[in-house]
Every structure is written in structure tokens, then in C-alpha cells.
Amino acid sequence: MPMFDTHMIFTIAAVAFFGAIIGLDRLAVGQCMISQPIVAGPLTGWMLGDPTAGIIIGAVLELIWVLDMPVGTFVPADATVSAVSATAIAAMGSTTGAALPLIGFCILLTVAMVPVTMRADNVVRHWNSRLVDAVMDASGKESGRALVRAHLSGLLAFYLKSVFLYLVFLPLGVAAVFVFKQLPENIHRAMSLFVKLLPLIGIALVVRKLSMNMIDLFLIIGFLLAAVAGQFFHAQAFTMILLVAAGGWLGARYREWHSQ
Amino acid sequence: MQSLGFAYAIEPVLKKLYPDGAEYEARLRCHLEYFNTQPYLASFILGAVVRMEEDRALNSLVDNDVVGLKSALMAPLGALGDSFFWGALKPLAAVGAVALIMTGYWWAPLLFLIFYNVWHLGLRAAMLFWGYNSRGNAVELMAKFSFMKMAKQFKVITLTILGGIIGMASDWRPEFHAKDALPVLPLMALWLAVVLALVAILRRGGSPIKLMLGLAVFCLALVYAGVIV
């Protein structure tokens with residue numbers, strides 16, 4: 001069976017088309033967070049028949065990139081392209097739902113692509129910054145039409161950038177998965193362990209950015225609350241999350257009251 | 001940066017207020033000058049500028065008032081919005097959703113979208129009218145919405161939920177849990193210790209990409225050393 005059959009080519013084109021639409025939400029249109037990995041991953045997985053892969057990839061990448069903020073002129077990593085590509089490659093690389101090692105490999109693959117996505121973002125932003133000149137050159141009522149053209153050109157540039165990245169990344173990813181499947185069992189086992197440990201890196205990254213302390217008191221309180229509720233009172237996970245959130249809110253109120 | 005988008009948003013108002021082509025063009029050029037702020041709070045500035053353009057069209061304001069208002073507001077509102085929306089609300093919504101996903105709730109992404117957008121869309125719409133009615137009085141805005149106070153609360157709740165995720169390690173989805181490796185309590189303590197160690201490493205400098213690549217190498221080493229079978 002060939003690596004790229006008609007169905008595969010159609011799927012890659014569809015992911016590029018829809019993935020780029022989702023990507024517009026990141027900077028250009030709305031910013032309603034549809035482009036966040038935790039939404040984009042499951043959405044892609046659901047479209048391609050492997051929602052589990054999308055949920056796992058989305059959750060892990062969300063934790064890792066959630067505080068990579070577009071502040072000022074800083075261009076953060078394109079987490080949307082990473083989440084959509086990783087999920088699509090994992091789904092296309094397996095007919096019965098991607099196994100954990102394959103999911104780990106796909107995450108690693110798209111992480112390695114991040115510098116390319118940042119470079120592409122910079123190029124498009126630079127190109128878009130020159131669109132203002134086109135409006136400045138127009139005169140009278142024509143300047144309004146030039147503004148509309150420039151604005152839509154900017155959106156189109158963002159869209160085409162994402163389409164281009166998907167059309168490059170997805171075939172490369174599918175080819176890489178083909179090679180990965182031939183690799184020794186030990187590497188598959190390592191990739192499985194990689195996925196299990198990734199949430200810890202994600203948690204550490206968020207803690208590092210939210211807290212000034214080496215050992216954050218609220219992190220420890222949350223840990224103890226959940227551990228006690230789960231292990232000694234056998235509370236349901238949902239109840240534990242509510243309990244922990246309520247504990248955090250009370251802690252915040254206490255800190256405010258104490259600092260007054 | 002965002003000048004094109006701002007000009008695009010205000011263009012219909014300018015077209016209505018300035019039927020004269022030359023005047024319209026001059027006002028449009030004015031709004032194409034450098035503008036960069038937090039995108040959600042830009043709606044406050046947009047509302048204020050629409051009101052001032054209306055006043056200006058009635059000859060009660062000079063040009064510099066509009067330009068000056070935009071320049072004066074974009075930096076403080078940018079800092080405020082970045083800190084609240086990107087630095088507090090988004091992490092809270094995301095970490096809450098990740099906690100649910102890690103423990104097997106597939107609908108967590110939907111909850112994330114609803115929770116975030118109730119705040120986002122609600123405030124975005126409110127800001128537009130608030131900016132218009134107050135003519136850009138940011139002091140009143142900050143007195144009404146305690147963004148900094150809410151941001152601090154959200155960050156604390158986020159940190160507590162992160163601790164909770166580690167404390168729920170025995171309830172994680174099968175893809176993530178490692179129940180067979182150790183008994184539950186020592187395993188949770190180990191995960192907490194690993195997170196604290198990673199935080200210490202990150203304080204010394206280290207990017208997410210390097211950490212992830214390092215983790216992959218570490219996992220390979222563990223497997224090939226026979227520690228993980």
C-alpha cells in the first residue's frame with residue numbers, strides 16, 4: 001500500500017484548509033480561543049476519527065504553551081499549528097486510533113517544528129506591517145476601499161501561511177511516522193513514557209510563570225486537598241477539582257485580607 | 001501593529017461623520033498611525049474614539065484630542081489586559097479544563113470555551129459602551145472593574161488547581177497514569193518533587209522546547225538503561 005494514497009492527500013488538504021481557518025482565531029479574527037491546543041486538538045481529532053489523540057495532545061500542549069503570551073512585539077510559538085499537526089499526523093498514521101508511543105512521537109515532531117512556525121509568523125507580520133503604506137498611498141473615498149483591501153489581505157496572508165505550513169508539515173510527519181513504526185520497541189516504550197511525563201513539564205512551566213516562590217504555598221495546598229479528598233474520602237475527580245478551586249479562592253481572599 | 005484593524009473598525013463611523021472626501025481621508029490617515037494594545041481592551045479605546053470623533057464632527061474638539069487619547073490609553077490598557085486576560089483568565093480556564101481532561105472528562109474543552117468567552121465577550125462588549133459613555137475615562141474603568149485584584153485571585157486558584165492535578169494522580173486517564181510503577185501516595189509525592197525540581201531548573205533558564213527535547217532523551221536513557229521495562 002503506498003504511503004500517500006488519494007484519501008491521504010485529500011485528508012492533508014482538508015486539514016490544511018480547516019486548520020488554517022482555526023488558526024485565524026489566534027491573532028487575526030476573534031481570539032475566542034478556538035485556536036488553543038485544548039480546543040484545536042480535540043476538534044482535529046474528532047474530524048479525523050481519533051478524538052482521544054486530539055484530547056491528549058491538546059491537553060499536554062495547552063499546559064506547555066498557555067503562558068506564552070503575545071505581549072508587545074513578541075511572537076509566541078504557534079501552538080495551533082503544533083496541536084493540529086500533531087493530532088492529524090497521529091490520526092493519519094494509525095487506522096484504529098493512535099497508540100501512546102505514536103502520540104508521543106507526533107508531539108515531539110511538532111515541537112521541533114516550532115521555530116519554523118515562529119519564523120513564518122514573523123515573515124507574515126513584517127509583510128502585513130507594509131499594508132498600511134498601501135492605504136496611505138490612496139486618496140479620497142478610494143482610501144476606504146484600499147483599507148478594506150489591505151485588511152483582508154492581512155487576513156489572507158495569515159491564512160495562507162498556515163495552509164503552507166500544514167502542506168509542508170503533514171506529508172513530512174506522515175513520512176516520519178512510517179519510519180518511526182520501523183524503529184525498535186525500546187524507542188516506542190520511551191515515547192510512551194515521554195507522554196506520561198509531559199504534563200509534569202507543563203505544570204512546572206505554568207507554576208514558574210505564575211509564582212515567584214521556589215515552593216509555592218498554594219500549589220502545595222492544592223496538592224494536599226486533592227490527595228486527602230481522593231485517598232481518604234474517595235471523592236470523585238470532579239468534586240476534587242471543585243474543592244481545590246474553592247480552596248484556592250478562599251486562599252486568595254485570605255491573602256487579600258491578611259495584606260490589608 | 002494594530003492600526004490597520006483599528007482603522008478598519010472605525011471606518012464606517014468616519015464615512016458617516018465625514019461625507020467630504022478630503023476630511024474623511026485625513027481622519028482615516030490619522031487612525032492609521034501606530035496603535036498597539038491588548039486586543040480585547042481595544043474596544044474601550046474604540047468606543048471612546050467613536051464618541052470623540054462624533055464630538056469633533058460637531059466642531060467641539062481638535063484633532064490632537066483624539067490622537068492624544070489613543071496614545072495615552074493604549075500602553076496602560078495593554079499592560080492591564082495582558083496581565084488579566086493572557087496572564088490570569090486564560091491560564092485559569094485552561095488549567096481547569098486540563099484538570100478535567102486528565103481525569104477523564106471529554107467535555108472539558110467545551111467548558112473552557114464557555115467559561116473563557118463569557119468573560120471575554122461580555123467584557124469586550126461592555127468595554128465598547130463603557131468607552132463611548134465615559135469618553136475614555138480609564139480611571140472610572142479601573143475603579144469599576146478591579147482587573148488587578150481579579151488577576152491575583154485567578155492566579156492563586158490556578159496554582160491550587162495545578163497542585164490538585166498532581167494530587168489526583170491516581171485518577172488520571174489511563175494514558176497518563178503510572179499506577180504500577182509505585183504505590184499511589186509515594187507516586188504522587190514523587191510527581192510533586194519532580195515538578196518542584198523542574199521549576200528550580202526553569203528558574204535557572206530553560207525553554208519549553210529544550211525541556212521537552214531533554215525529557216525525550218531522558219526517557220530514551222531510562223528505557224535503554226533498563227530502568228523502565
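Looking only at helices (runs of 4 or more DSSP H) that fall completely inside segment A:35-148, which ones have 3 or more residues that are under 28 Å from B:Asn117 (Cβ atoms)? Quick ask: steps written out before the conclusion?
On the way: elements: A:37-47, A:51-65, A:79-92, A:100-129, A:131-137.
Of the helices (runs of 4 or more DSSP H) lying wholly inside segment A:35-148, those with at least 3 residues that are under 28 Å from B:Asn117 (Cβ atoms) span A:37-47, A:51-65, A:79-92, A:100-129.
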Just checking, how many residues over segment B:1-52 are away from chain A (no Cβ under 11 Å) and of a type in the set (Val, Ile, Thr)? 4
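Quick one: is A:Ile55 touching a helix residue (DSSP H, G or I) at 6+ places or on another chain (Cβ under 8 Å) and closer than 30 Å to A:Val207 by Cβ? Walk me through how you get there before you give the answer.
Working: touching a helix residue (DSSP H, G or I) at 6+ places or on another chain (Cβ under 8 Å): yes; closer than 30 Å to A:Val207 by Cβ: yes.
So A:Ile55 passes the test.
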Counting only residues in segment A:1-60 that are charged (D, E, K, R) and within 14 Å of chain B (Cβ to nearest Cβ), the one surrounded by the fewest Cβ atoms within 10 Å (Cβ to Cβ) is identified as A:Asp25
Top-ranked residue of segment B:103-119 - restricted to ones that are within 16 Å of the chain's Cα centre (by Cα), surrounded by 16 or more Cβ atoms within 10 Å (Cβ to Cβ) and more than 7 Å from chain A (Cβ to nearest Cβ), ranked as nearest to B:Ser71 (Cα to Cα): B:Trp119
Which ones in segment B:166-182 are closer than 21 Å to B:Gly104 by Cα, more than 7 Å from every other protein chain (Cβ to nearest Cβ) and without any contact (Cβ under 8 Å) to a residue 12 or more places away in the chain? B:Pro174, B:His177, B:Lys179, B:Asp180, B:Ala181
Could you list, in sequence order, all residues of segment A:182-200 that are more than 8 Å from chain B (Cβ to nearest Cβ) and either basic (Lys, Arg) or part of a helix (DSSP H, G or I) (or both)? A:Gln182, A:Glu185, A:His188, A:Ser192
Please count how many residues of segment B:22-60 are among the aliphatic types (A, V, I, L, M), in contact (Cβ under 8 Å) with a residue 24 or more places away in the chain and assigned to a loop (DSSP other than H, G, I, E, B). 2
Need the failing condition index for B:Tyr224 against (1) surrounded by fewer than 17 Cβ atoms within 10 Å (Cβ to Cβ); (2) closer than 26 Å to A:Pro115 by Cα; (3) of a type outside the set (Gly, Ala, Ser), just the number. (2)
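For the structure I just gave you, tell me whether A:Ser85 is polar (S, T, N, Q) and in contact with a Phe, Trp or Tyr (Cβ under 7 Å, 6 or more places away or on another chain).
Working: polar (S, T, N, Q): yes; in contact with a Phe, Trp or Tyr (Cβ under 7 Å, 6 or more places away or on another chain): yes.
Criteria met by A:Ser85.
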Would you confirm whether any residue within segment A:105-119 is over 14 Å from the mean Cα position of the chain (by Cα), touching a residue at least 60 places away in the same chain (Cβ under 8 Å), surrounded by 18 or more Cβ atoms within 10 Å (Cβ to Cβ) and more than 30 Å from B:Asn36 (Cα to Cα)? yes
Taking segment A:61-86 only, how many residues are facing chain B (nearest Cβ under 9 Å) and surrounded by 23 or more Cβ atoms within 10 Å (Cβ to Cβ)? 5
Test set (1) crowded, with 21+ Cβ neighbours inside 10 Å; (2) within 15 Å of A:Leu219 (Cα to Cα) - B:Trp172 fails condition number: (2)
Looking only at segment A:201-231, which residues are outside any helix (DSSP H, G or I), facing chain B (nearest Cβ under 7 Å) and either polar (S, T, N, Q) or surrounded by 24 or more Cβ atoms within 10 Å (Cβ to Cβ) (or both)? A:Ser211
Would you confirm whether any residue within segment B:198-217 is closer than 30 Å to B:Gly47 by Cα and either of a type outside the set (D, E, K, R) or within 7 Å of chain A (Cβ to nearest Cβ) (or both)? no
Determine which member of the set B:Leu100, B:Leu69 is crowded, with 17+ Cβ neighbours inside 10 Å and either in contact (Cβ under 8 Å) with a residue 24 or more places away in the chain or in contact with a strand residue (DSSP E or B) (Cβ under 8 Å, 6 or more places away or on another chain) (or both). B:Leu69
Would you be able to say whether some residue in segment A:100-113 is more than 21 Å from A:Phe18 (Cα to Cα), more than 11 Å from chain B (Cβ to nearest Cβ) and of a type outside the set (Ser, Thr, Tyr)? yes
Output yes when any residue across segment A:81-89 is under 20 Å from A:Leu205 (Cα atoms), at pLDDT 95 or above and touching a Cys at 6+ places or on another chain (Cβ under 8 Å), and no when none is. no
Kindly indicate the residue of segment B:149-160 that is within 18 Å of the chain's Cα centre (by Cα) and at the interface with chain A (Cβ under 7 Å from one of its Cβ atoms) and also nearest to B:Ile101 (Cα to Cα) among those meeting that condition. B:Thr158
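The values are calculated or read from the model by the stated rules, or taken from the named source; none is laboratory data. It should be emphasised that the depicted structure is a prediction, and the values quoted were computed from it without experimental measurement. Glycine also receives a Cβ, built like all others from the backbone with ideal geometry; neighbour counts cover every protein chain displayed.
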